[in-house]
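Just below is one structure, and these are the notes that go with it.
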Amino acid sequence: MITDVHFHASRKSEYGRHYQLALKKLNQIVDHINANYSKIDLLVDIGDLVDSDPARNTQKPLAVLDRLADIEKVHLLGNHDYGCVAPSEIDQLHALYYKMSSRYSSKIVNNDRLKLIFLDSNDISTYGATGSKKQTAVEEIAKLERAKQNNARDYNGGIGTQQLAWLKQELHESCIENHSHQRVLIFLHDALLPIGNAMLLFNSQDVLDLIASFDNCVLSVFSGHVHDFHEGQQLTRSDPIPVLTLGGIVQSPFQSYGFCDVYHHHEDPTMTTLHVHGLDFGHQIDLTYSSRYRYLGGGGVDGVEKEENLSERRLNLRIDTTTPFDDGFQFDTVIPNVVTILAILILLRSLKRYVKKKMFLCFPSYTSSFYFIPIKTLNRKKVVSNELIEKL
Ligand SMILES: [Zn+2]
């Protein structure tokens, strides 16, 4: 899984986004997969492959992904993928650049044991929809503004009623009608959690409620858009379905991507283990989640009493902060730089009486450019540690 590459041929770094590194990092991921993995079924691009203007910018990242010759690719689109696209071109965008046959779809793999659902979070949006759906997005943003919701932003989107009904049907087929213990993974660009985040899907709560009502078989939800890793709040108190937001490739000088392995237990066909691993801004992520399929019976979710056997559900998240860097940038090479800079500063301070005052005016800009990376990273480590403490 990759997300938020934001490739742009001419943009420089700004807002912590490293546009010039995006293609290099994508190439690294492809090299890593080609060198280390003999079998990967699918690559899922969770959206924002380009920063804007797909007519100019899709060709290069897609050519990099083509180096994964034997791996099928699925592209979800994000808000940035619609940048500089005229309303009349929106309908063609998906097929033209991403070879998509429809805006949302599902795919059954692993001998009928696993269903992958790919949602379109631009369905109701001001940038990726036209006509009544665009108007609905305008009204939705106004409604969220009145309710003082943080996600009342025109770069977010929503899932329309038709798509929501389709999702319910897809979940019903897997979780109720299918008797082969089929499990479900859901992918969408906009985030569903954490509550209060500015990047949430307009109707994230509707989608969460729907997924929670099929918690007997949904294994996990993956999204992007936020550009930072979140292991969202537990979907329900009793069922800790991982709702994960992956780190954006563009949003750091360090690497981000995720692998998702699904193990169906031979000795117990109702048991499935999910293993999510990868990097978030160079930090190693390692999450395992085991859960048992629970047959709800009765042909429907509503009014059916669920079998409450949650003792088999286990969620274990580990983020390794001791090896925080990839991308050839080692922590132990940072320390001497900082020490050297401090030594120079102390030396220059001791010479203060001998030099002109204006020389010291250079210090703030000089030091901030060197300190930017380590300070940002140390802050990141603190956030991760807090998450880990909360988990424990
Ligand atoms: Zn993005």
(message) Within the stretch 1-12, does at least one residue satisfy the condition of being in contact with a Gly (Cβ under 6 Å, 6 or more places away or on another chain), outside the structural domain of Phe229 (by TED's automatic domain parsing) and hydrophobic (A, V, I, L, M, F, W, C)?
(response) yes
(message) Among the listed residues Ser88, Ser106, Ser121, Ser132, identify the single one that is hydroxyl-bearing (Ser, Thr, Tyr), out of contact with any helix residue (DSSP H, G or I) (no Cβ under 7 Å at 6 or more places or on another chain) and touching a residue at least 60 places away in the same chain (Cβ under 8 Å).
(response) Ser121
(request) Among residues belonging to the stretch 1-14 that are within 12 Å of the ligand (Cβ to nearest atom) and in contact with a strand residue (DSSP E or B) (Cβ under 6 Å, 6 or more places away or on another chain), point out the one that is nearest to Gly248 (Cα to Cα). (result) Ile2
(message) Which of the numbered conditions does Tyr289 fail, given that it passes all the others? Conditions: (1) out of contact with any Pro (no Cβ under 8 Å at 6 or more places or on another chain); (2) touching a residue at least 40 places away in the same chain (Cβ under 8 Å); (3) over 16 Å from Met1 (Cα atoms).
(response) (1)
(request) Specify the residue that is surrounded by the most Cβ atoms within 10 Å (Cβ to Cβ); the eligible residues are those in the stretch 135-169 that are touching a residue at least 40 places away in the same chain (Cβ under 8 Å), part of a loop (DSSP other than H, G, I, E, B) and touching a helix residue (DSSP H, G or I) at 6+ places or on another chain (Cβ under 8 Å). (result) Gly157
(request) Could you please find all residues in the stretch 15-51 being within 14 Å of the ligand (Cβ to nearest atom), in contact with a helix residue (DSSP H, G or I) (Cβ under 9 Å, 6 or more places away or on another chain) and either over 29 Å from Ile108 (Cα atoms) or outside the structural domain of Arg67 (by TED's automatic domain parsing) (or both)? (result) Gly16, His18, Ala22, Asp51
(message) Just the residues that are within 12 Å of the ligand (Cβ to nearest atom) and farther than 23 Å from Ser13 by Cβ, please, taken from the stretch 52-81.
(response) Leu76, Leu77
(request) Select from the stretch 179-214 the residues that are of a type in the set (Asp, Glu) and surrounded by fewer than 20 Cβ atoms within 10 Å (Cβ to Cβ) and write down the one among them that is farthest from Asp154 (Cα to Cα). (result) Asp209
(message) Give me the residue from the stretch 200-219 that is more than 15 Å from Leu167 (Cβ to Cβ) and at pLDDT below 95 and, out of that set, nearest to the ligand (Cβ to nearest atom).
(response) Leu219
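Here is a yes/no grid of residues against (1) modelled with pLDDT under 90; (2) surrounded by fewer than 18 Cβ atoms within 10 Å (Cβ to Cβ); (3) under 17 Å from Phe259 (Cα atoms):
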| residue | (1), (2), (3) |
| --- | --- |
| Ala22 | no, no, no |
| Asn27 | no, yes, yes |
| Ala35 | no, yes, yes |
| Ile46 | no, no, yes |
| Tyr97 | yes, no, no |
| Ser101 | yes, yes, no |
(request) Within the stretch 2-22, track down each residue that is in contact (Cβ under 8 Å) with a residue 40 or more places away in the chain and out of contact with any Phe, Trp or Tyr (no Cβ under 6 Å at 6 or more places or on another chain). (result) Thr3, Asp4, Val5, His6, Phe7, Ala9, Gly16, Arg17, His18, Tyr19, Leu21
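The values are calculated or read from the model by the stated rules, or taken from the named source; none is laboratory data. Note that the structure is a prediction, hence the values are computed from the model and not measured. Cβ sites come from the backbone with ideal geometry, for glycine too, and all protein chains shown count toward neighbours.
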